[in-house]
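The values are calculated or read from the model by the stated rules, or taken from the named source; none is laboratory data. Quick caveat: nothing in here was measured; it's all calculated off a predicted structure. So basically every Cβ, Gly included, is an ideal-geometry build from the backbone, and we count neighbours across all protein chains shown.
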Amino acid sequence: MSSSRPDGATVALAPAGARSARDEQLAPPLRSGRTLLLAVSDALVLFVAGVATFTLANQIAGPALISPQWATALLALATLVGWLVVFTVFGLYERQSSTIVASTFDETATMLNALMAGSLVMLFTGQALEKWAGIKVYSPSEAVLFLAFALMLVPAARWTLRNRLLPGVVAPRRTLIVGAGTTGRLIESKIAAHPDYNLSVVGFLDDAAPGAEDVLGRPADLTRVIDEREIDWVVLAGVDSAHNYEETLEMVRRVSRPDVHLSIVPTYFELFASNATIEDLQGIPVVSLPTMRLSRSARLLKRAFDLIASILGLIAISPILLAAAIAIKLDTRGPVFFRQVRNGRGGSAFKIIKFRSMVDGAEAQRFDLAHLNQMDGPLFKIQADPRITRVGAFLRKWRIDELPQLLNVVRGEMSLVGPRPFVVHEADKITGWAGRRLESLPGITGLWQVLGGNDLSFEEMVKLDYVYTTNWSLWWDIKILFQTLPVVLGRRGAY
């Protein structure tokens, strides 16, 4: 079977359900069941939280559970079913199957609301049982303990299931991208970099990409390719401009089937961020973006958060700072700290403070090593930089060399989260709209850190900085800080 192309060439299409022997051997055993596995995980973890609650309550204040065994068993079963109902009502299972990125962190607020609501129902039920049946099963103190255990265990279990277990158990959702241009290829690279999305790009549809092996046909072939390739997910990403509005709309309508999910990359997607809101304008969805400048109250809130968190952080990691300083001194000659002039908010210069991870005088050797540079634009990075010391390599791997920047945060020169602080001669080459990145204080971490670090191109870093600066929120800062932890532990983009 084949599909014709504008240049007269044909692209062979495999018959429906066709898979290679190698694919069959490597494929996980299940094609579906993500939501069911998530529900089972929640039930097990909530049961563990309940056992831990009553065990600890018994240790603190005597018998925490006064009930016949048969009643206890029935109540435990009813409670687990009740929790699954509560989580369903709050939409904690719908996102697992209806979104590309089912982020555990993004659902934390909803999960807290669900746990609070469910615990309140349990508390009322427990008080009623104690009053009318003489059965003691749930007191206010136990409610507090249960919430504490559940808030730690449920998100941890969900993250582990999604990021570690599901990719090896459930086959990735077969994905078709409509549009093989820059946007479509960017979406493909993002999916490939995140196995936790549980997506596998089968190919593209595009009128303007003749000769590409992974282009399976034209957008007009959409319905047929979906059937033949057993597509689970379709992403509309930069459809060829030759398609007018009505043709694109008709194509989307053909995709809107119960068994196929549809995602659309919007025009001007570079301006969007996680805190963009969708409003209903008399039946027309409108995406609204925040203003492009932080208000005075927002700057004060961000500064207060930075100051409190950085001071507490310096106190907590002081043993690590001391150990790193001693190791640097014992390893090579030179100062413990490395100071370098960087561009801050509004283009003002400041000296960034880091642990020295290179030989003393490394900056003077930079031009001699220019031919080894692995970054584009004005950036200078070498993955196996010969100037890095033995201790410095360890500090960089775990990003310990960046911890002294907390002092810059305390002094008001940097923020915990913000645009990447480029060296002055690098920052001077950022002009035009990208200059708005300097309206925020540079950060120790940021979007550029959690989405790739040094693996990103210079252009991508600048775009991410612009998106962050123009769409800031305190919740987004907190989210990025939490997302930085697995990036550091996974040592992604660190060199």
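Things worth noting here:
- Test: residue in the range 132-147 that is more than 21 Å from the chain's Cα centre (by Cα), crowded, with 19+ Cβ neighbours inside 10 Å, of a type outside the set (D, E, K, R) and at pLDDT 90 or above: yes
- Extreme residue, surrounded by the fewest Cβ atoms within 10 Å (Cβ to Cβ), among residues of the range 330-347 that are β-branched (Val, Ile, Thr) and within 35 Å of the chain's Cα centre (by Cα): 341
- Near pairs, Cβ below 7 angstrom, 6+ apart or cross-chain, from the range 104-116 (on the phi < 0 side of the Ramachandran plot and outside any loop (DSSP other than H, G, I, E, B)) to any residue that is surrounded by fewer than 19 Cβ atoms within 10 Å (Cβ to Cβ) and of a type in the set (Gly, Ala, Ser): 110/91
- For residue 382, the conditions (1) closer than 20 Å to residue 453 by Cα; (2) in contact with a strand residue (DSSP E or B) (Cβ under 8 Å, 6 or more places away or on another chain) all hold with the exception of (2).
- Residue in the range 285-305 that is among the small types (Gly, Ala, Ser) and modelled with pLDDT under 85 present: yes
- Consider the range 426-435 and keep the residues that are more than 24 Å from the chain's Cα centre (by Cα) and of a type outside the set (S, T, N, Q). The one that is surrounded by the fewest Cβ atoms within 10 Å (Cβ to Cβ) is 432.
- Residue in the range 460-477 that is over 19 Å from the mean Cα position of the chain (by Cα), closer than 21 Å to residue 401 by Cβ and not basic (Lys, Arg) present: no
- For residue 350: the one exception among (1) of a type in the set (A, V, I, L, M, F, W, C); (2) out of contact with any Gly (no Cβ under 6 Å at 6 or more places or on another chain); (3) surrounded by 14 or more Cβ atoms within 10 Å (Cβ to Cβ); (4) closer than 22 Å to residue 465 by Cβ: (2)
- Cβ-Cβ under 7 Å pairs, at least 6 apart or on other chains, the range 319-337 side free of Cβ contacts under 8 Å to residues at least 12 places away in the same chain, far side surrounded by 11 or more Cβ atoms within 10 Å (Cβ to Cβ) and part of a loop (DSSP other than H, G, I, E, B): 329/336
- When the range 253-269 is filtered for residues that are in contact with a strand residue (DSSP E or B) (Cβ under 7 Å, 6 or more places away or on another chain), at pLDDT below 75 and surrounded by fewer than 16 Cβ atoms within 10 Å (Cβ to Cβ), only 256 remains.
- No other residue among 36, 56 is more than 20 Å from residue 125 (Cα to Cα) and within 25 Å of the chain's Cα centre (by Cα) apart from 36.
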